[in-house]
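Colleague: Starting off with a structure, shown below.
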Amino acid sequence: MAAPLARMSVWPVTGRTLSTAAALCRRAAPLGPLPNDQFRGKDLESLKKYRSFIKYYRQADQENKKTNWWRTYRQFLYPSKGEGVQKVDIGFPRVSSSVAEGLKAQKEVLKANHKNPELEKASRQRTLRIPLDEVRAEWERTSGPSHIQRVAEHYGVYQDLFGEATFVPRVTLRVQYNTEEDAVMPVYNGNLVTPKEAAATPEVSFEAEEGSLWTLLLTNPDGHLRETDSEYVHWLVGNIPGNQVFSGDEVCHYFPAFPAKGTGYHRYIFILFKQEQRVDFKDELRPNPCHSLKLRTFKTLDFYRKYEDRITPAGLAFFQCAWDDSVTNVFHNILDMKEPIFDHQFPPVYHTPQVKFPHLQPLRYLDRYRDSDEPTYGIY
């Protein structure tokens, strides 16, 4: 065996060489107990049995609320979301009510309904009609404000307008547009409204005490053509007596929605502020008519910081709006400017280098490498 080994040492080795070296690593211990570590090595039949789903749900909810040493999948996706960020509540405090009294009132209503023979007969004959107006009024009075807050957080309304602040809309804001077809387009919380439907000034109503003062703001945080962090103010009315919106001081007159073509859906947000006293908005006053986008540049956060001692956000409603044919008329006839059109520039289609003899390729394989742009796909 000496001769072959000597021959290998004399002649140089060309090409790839096979290395048998291996790096040994030692696995470090975890920083804490792993998930479901308490069940490791145990028989499933010996574990605790839950007689009802409610007990299991409560136990699972308690385990879910515990802080763990590992990071969840959502924390990996959004590392800055929910880590060390404390939202500041700038709205009105919640009026505390007794939970026991509310449950007691619900039980009394249920007992009264069970004892009502007319309701039982209508339900059995499938002629029972539920008063939706009363249901909506009950929802607005109880859990509606918190639901609206969650929807607004989902759409990023508070983040884009108030930064790290939030508020619960305690006052129900009702907004509707009267269209040309004698129809009404209401504004809820993120529903779709076309620019043609939002061309005229809407009707706004809310419950207000006699002698109170309010401020109504309509802004678009997605439509600024030059500055990403700025907005366009579409409507601003201050010192509104009660709920008489058109009796207030119109600081900036209403301007129709004009989402640019190719920019997707824009959020148009109504915010209702309650004033502690009469406020002088001379610094925010715009000329009437105001058809200058530069003068309509606005920031809700700066506006609130300037008057935060005298105004408090109380109501919220918003809709989404995308381009249609009426936006062209706004740019040409009202703003007197060329309509901007945004289009995504797709990268050119990549093709692998052409093979001289394309074996087992379709007949239109050569169409990928034609010099002309004539579409030939589907001819064969």
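Colleague: State the Cα centre-to-centre distance between the range 27-44 and the range 112-160 in whole Å.
Modeller: 46 Å
Colleague: Can you spot the lysines whose alpha carbon is less than 25 Å from Lys282's alpha carbon? Ignore those fewer than 8 places along the same chain.
Modeller: Here the lysines satisfying the reach criterion relative to Lys282 are Lys274, Lys294, Lys299, Lys306.
Colleague: If you build a Gaussian network model of the chain, linking Cα atoms that sit under 10 Å apart, which residue out of Pro186, Pro221, Pro287 swings the most?
Modeller: Of Pro186, Pro221, Pro287, the Gaussian network model singles out Pro287 as fluctuating most.
Colleague: Under a 1.4 angstrom probe, counting protein chains only, how are His147, His266 ranked by accessible area, largest first?
Modeller: Solvent-accessible surface, decreasing: His147, His266.
Colleague: Using each residue's phi in the range 50-63, evaluate 6.51 cos²θ - 1.76 cosθ + 1.60 at θ = phi - 60° and report the 3J(HN,Hα) Karplus result to the nearest Hz, with x for Gly and Pro.
Modeller: Computed from phi, the couplings for the range 50-63 are 9, 7, 9, 5, 5, 5, 5, 5, 5, 5, 5, 5, 5, 5 Hz.
Colleague: Check the straight Cα-Cα distances from Lys107 and name the lysines below 18 Å, setting aside those fewer than 8 residues away within the same chain.
Modeller: Within the straight-line cut-off, Lys107 pairs with Lys115.
Colleague: Let me ask something additional. Leaving ligands, DNA and RNA out of it, work out the accessible area of Leu366 with a 1.4 Å probe and give it in Å² to the nearest 10.
Modeller: Around 90 Å² of this residue is reachable by solvent.
Colleague: Tell me, what HN-Hα J-couplings in whole Hz come from the Karplus equation 6.51 cos²θ - 1.76 cosθ + 1.60 at θ = phi - 60° for each residue of the range 213-230, using x for Gly and Pro?
Modeller: With the stated coefficients, the range 213-230 comes to 10, 9, 10, 10, 10, 10, 9, 10, x, 10, x, 5, 8, 10, 10, 5, 8, 9 Hz.
Colleague: Got the relative contact order for the chain handy, in percent, Cα pairs under 8 Å and 6 or more residues apart?
Modeller: Value for the chain: 14 percent.
Colleague: List the residues, sorted by chain then number, that are 5 or more residues from Trp214 or on another chain and whose placed amide H is less than 5 Å from its amide H.
Modeller: Here the answer is Asn239, Ile240, Gly242, Gln275, since their amide H atoms fall under 5 Å of that of Trp214.
Colleague: With Cα extents along the principal axes in Å defined as stated, name the option among (i) 106, 49, 43; (ii) 93, 53, 50; (iii) 111, 73, 55 computed from the structure displayed.
Modeller: The value matching this structure is (iii).
Colleague: Let me ask something additional. The range 218-233 to the range 311-338: how many Å between their Cα centroids?
Modeller: Between the Cα centres of the range 218-233 and the range 311-338 lies a distance of 10 Å.
Colleague: Whole number please: convex hull volume per residue of the Cα set in the range 99-177, in Å³?
Modeller: Value for the range 99-177: 150 Å³ per residue.
Colleague: Within the accessible area of the chain, what % is carbon and sulfur when the probe is 1.4 Å and the other protein chains stay in place?
Modeller: Roughly 53 percent, rounded to a whole number.
Colleague: Still on this structure, please answer the following. At 1.4 Å probe size, put Ile90, Ile334, Ile271 in order of accessible surface, largest to smallest.
Modeller: Ranked from most to least accessible, the order is Ile334, Ile90, Ile271.
Colleague: Additional query: Pop a pseudo-label 7 angstrom from the Cα along the beta-carbon direction at both Thr67 and Lys306 and give the gap in nm to one decimal.
Modeller: Each label point is offset 7 Å from its Cα along the Cβ direction, giving 4.1 nm.
Colleague: Another question, if that's okay. Suppose a student asked you for the relative contact order of the range 87-227, using Cα pairs under 8 Å spaced at least 6 residues apart; what percent would you report?
Modeller: Computed over the range 87-227, the figure is 23 percent.
Colleague: Now, a different point. Which lysines have a Cα less than 17 Å from the Cα of Lys55, not counting those fewer than 8 places away in the same chain?
Modeller: Cα-Cα hits under 17 Å: Lys65.
Colleague: So between Glu164 and Thr297, what do we pick up on full extension, going 0.36 nm a residue minus the alpha carbon distance?
Modeller: 45.7 nm
Colleague: Just to check I understand the Karplus step: with θ = phi - 60° and J = 6.51 cos²θ - 1.76 cosθ + 1.60, what whole-Hz values come out for the range 241-258, glycine and proline as x?
Modeller: Values per residue, Gly and Pro as x: x, x, 10, 8, 5, 6, 9, x, 8, 7, 6, 9, 5, 5, 10, x, 6, 9 Hz.
Colleague: Oh, and also: Test of understanding: in a Gaussian network model of the chain with alpha carbons linked when under 10 Å, which of Ser52, Ser205, Ser98 would top the mean-square fluctuation ranking?
Modeller: Top of the fluctuation ranking is Ser52.
Colleague: Another question about this same structure. Given a 10 angstrom Cα cut-off, can you work out which residue in Val355, Val88, Val171 is the most mobile in a GNM of the chain?
Modeller: The residue with the greatest mean-square fluctuation here is Val355.
Colleague: Sticking with this one: Packing-wise, with mean Cβ within 10 Å as the measure, how do 157-166, 113-122 rank, highest first?
Modeller: My ranking of the peptides, most packed first, is 157-166, 113-122.
Colleague: Further, regarding this structure: In square nanometres, what is one fourth of the surface area of the convex hull spanned by the alpha carbons of the range 147-199?
Modeller: Its average projected convex-hull area is 4.4 nm².
Colleague: Val251's amide H: which non-local residues (gap 5+, or another chain) put their own amide H closer than 5 Å, with H modeled 1.01 Å from N in plane and none for Pro or chain starts?
Modeller: Amide H neighbours of Val251, under 5 Å, 5+ apart: Leu236, Val237, Gly238.
Colleague: Accessible area of Ile130, 1.4 Å probe, to the nearest 10 Å²?
Modeller: Surface open to solvent at Ile130 totals about 120 Å².
Colleague: A further question follows. With every protein chain kept in place and ligands, DNA and RNA left out, what is the accessible area per residue of the chain? Probe 1.4 Å, answer in Å².
Modeller: 75 Å²
The values are calculated or read from the model by the stated rules, or taken from the named source; none is laboratory data. Since we're looking at a predicted model, the values are computed, not measured. We place every Cβ from the backbone using ideal geometry, glycine too, and count neighbours over all the protein chains shown. To get the accessible areas, we keep the full protein, side chains included, count just its heavy atoms, and leave off ligands, DNA and RNA. Shrake-Rupley method; radii C 1.70, N 1.55, O 1.52, S 1.80 Å.
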